[in-house]
Amino acid sequence: MELKDAQYKKMTEQPVSRLILSLAVPTIISMMVTAVYNTADTYFVSQLGTSASGAVGIVMSLMGIIQSSGFLIGMGAGSWMSRLLGEKKESFASEVAASAFYFALAIGVLIAACGLLFLDPLITLLGATETIRPYAVEYAQYILYAAPFLITSLTLNKMLCAEGKARFAMVGIAFGGVLNIFLDPLFIFVFHMGIAGAAIATALSQVVSFCILLYMFASGRTIAKLNLRGAARTWRRYGQIAAYGMPSFFRQGLASVAMIALNKQAAVYGDSAVSAMAIVSKVFMLVFSVVIGFGQGYQPVAGYNYGAKKYDRVKKAFLFMTRTATFFMVIFGVIGFAAAPQVLRMFIDSDPAVVRTGTQAMRLQCLAMPFLPLATCCNMTFQTIGKSKTATLLASARQGYVFLPLVLILPQFFGMGGVEMAQPLADAISFFICIPFTIRFFRELKQNQMQMSRG
């Protein structure tokens, strides 16, 4: 009981700026480590040649599909749990956590089995050229073997964050990420395993992360428990978890669809174009992890306080998250714009076409970086407070109904330049879409606060 009360007091009374930072910093570290080890794959594999580097970009979209399943379950359970804990319904929160854990394992096994069974046509569907295809098949099979561990790790991670235990979540993800960075050059170059070595390193790191995160729950350090008996016996509960997680699924899933579309459009201009866009995507995954980290530090604060009906703290948390994250994005944007060629040469200096195309794409993306925080915080907010339809609508904008038409239409007028400008333009448009929703949200918070005062 002391653990529950202390955590509740912390989440609902501590100054929101300090609280968000205490949760965001470990989450940002986790996200950046994850992005770094994904980038490490690209870096080390790029030493094997342009086709091998392009294969990582192709499989990245498959990784995104797997990750989207983890986010569907993890964020669905996590956003629900934070509200339940704010309402002091700890036993209900444990039921949600246990249900989500076994749900994630089952989905992971299903995805791995289907992916391995249809691996060849899947790689073709993802946009692999004939020269990239053999590398992509070799890389993807090991990623699929580890799919159950990755999906369940992401679920455990999000549930830890929902409880306000971001440091525990960081340990599992960060350790696995560091292990991957160490194993990549060992397997690729020392053991001469080539691109398969990079995939095996990634798979092993995900297994290790899973074991560490599971230990956090098994050791009694969490409010929620993962007892099999505590899992829901009705399909309705799993449907609710999926519904609450749908915005994250669309956000991540559409990112994978967007990557497939991007690869197919870039493939028209050759392997160099595919490789360049893969490198830029990896780099911006690293930068965007800062925004996502802030958002995931903000979500449990918003969920707890919304559940506790402390609406003034929810507004303060929203404003702090968007302002702070925007400040960092402006800084990163300026640095990235100036250093774009040098960043590209870090990955592949042997192909001038990759450096030239990647530099143009990276600079355009840097111009749009300040638009990301508000759009991210807005859809995360509606997801956290249980308004899944609105959250899904907003989450689908950036790489869904805005990006996809742009990446298909713009290349017809601007060639490869159209491929490069599609994502930055989509980011800007998504920002303006979110503004009226943000205004409406603030009005609702004010009304709820006034009703509380009258009551």
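The values are calculated or read from the model by the stated rules, or taken from the named source; none is laboratory data. Keep in mind the model is a prediction, meaning the values are calculated, not measured. Glycine gets a Cβ as well: all are built from the backbone with ideal geometry, and neighbour counts include every protein chain shown.
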task = Please enumerate the residues belonging to segment 214-248 that are part of a loop (DSSP other than H, G, I, E, B) and either in contact with a Lys or Arg (Cβ under 8 Å, 6 or more places away or on another chain) or acidic (Asp, Glu) (or both).
result = Arg221, Thr222, Ile223
inquiry  = Pairs please, first residue from segment 214-243 and closer than 22 Å to Gly386 by Cα, second anywhere and basic (Lys, Arg) and part of a helix (DSSP H, G or I), Cβ atoms under 8 Å, 6+ apart in sequence or on different chains.
reply    = Ile223/Lys4
task = Test Ala98 against the stated conditions and say whether it is under 30 Å from Lys264 (Cα atoms) and in a helix (DSSP H, G or I).
result = no
ask   = Got at least one residue in segment 374-382 being under 24 Å from Asn263 (Cβ atoms), out of contact with any Gly (no Cβ under 9 Å at 6 or more places or on another chain) and modelled with pLDDT of 85 or more?
value = yes
remark   = Counted residues in segment 5-29 being part of a loop (DSSP other than H, G, I, E, B) and at pLDDT below 85 come to 0
Residues within segment 173-223 that are within 19 Å of Ala147 (Cβ to Cβ) and at pLDDT below 85, tallied = 2
task = Considering only residues that are farther than 17 Å from Ile279 by Cβ, modelled with pLDDT of 80 or more and not hydrophobic (A, V, I, L, M, F, W, C), look in segment 247-269 and name the one that is nearest to the chain's Cα centre (by Cα).
result = Pro247
ask   = Pairs, please: C-beta under 6 Å, at least 6 apart or cross-chain, first residue touching a residue at least 40 places away in the same chain (Cβ under 8 Å) and in a helix (DSSP H, G or I) and in segment 201-212, second surrounded by 24 or more Cβ atoms within 10 Å (Cβ to Cβ) and of a type in the set (Ser, Thr, Tyr)?
value = Ser209/Ser153; Phe210/Thr152; Phe210/Ser153
inquiry  = Going by what's in this entry, would Ile181 be described as buried (at least 24 other Cβ atoms within 10 Å of the Cβ), under 24 Å from the mean Cα position of the chain (by Cα) and not hydroxyl-bearing (Ser, Thr, Tyr)?
reply    = no
request  = Using the structure shown, decide if Gln412 is of a type outside the set (A, V, I, L, M) and crowded, with 24+ Cβ neighbours inside 10 Å.
outcome  = no
ask   = What are the residues in segment 209-245 that are surrounded by fewer than 19 Cβ atoms within 10 Å (Cβ to Cβ), polar (S, T, N, Q) and either in contact with a strand residue (DSSP E or B) (Cβ under 6 Å, 6 or more places away or on another chain) or closer than 22 Å to Gln7 by Cα (or both), if any?
value = Ser219, Asn227
ask   = Would you call Leu119 at pLDDT 90 or above, surrounded by fewer than 24 Cβ atoms within 10 Å (Cβ to Cβ), touching a Pro at 6+ places or on another chain (Cβ under 7 Å) and not charged (D, E, K, R)?
value = no
query = Within the group Lys315, Lys282, which residue is under 30 Å from Thr155 (Cβ atoms), part of a helix (DSSP H, G or I), basic (Lys, Arg) and within 22 Å of the chain's Cα centre (by Cα)?
reply = Lys282
query = In the set Ser79, Ser99, which member is at pLDDT below 90 and either in contact with a Leu (Cβ under 6 Å, 6 or more places away or on another chain) or surrounded by 21 or more Cβ atoms within 10 Å (Cβ to Cβ) (or both)?
reply = Ser79
ask   = How about segment 60-88: which of its residues are among the basic types (Lys, Arg) and in a helix (DSSP H, G or I)?
value = Arg83
ask   = Does segment 285-312 hold any residues that are part of a loop (DSSP other than H, G, I, E, B) and charged (D, E, K, R), and which are they?
value = Lys309, Lys310
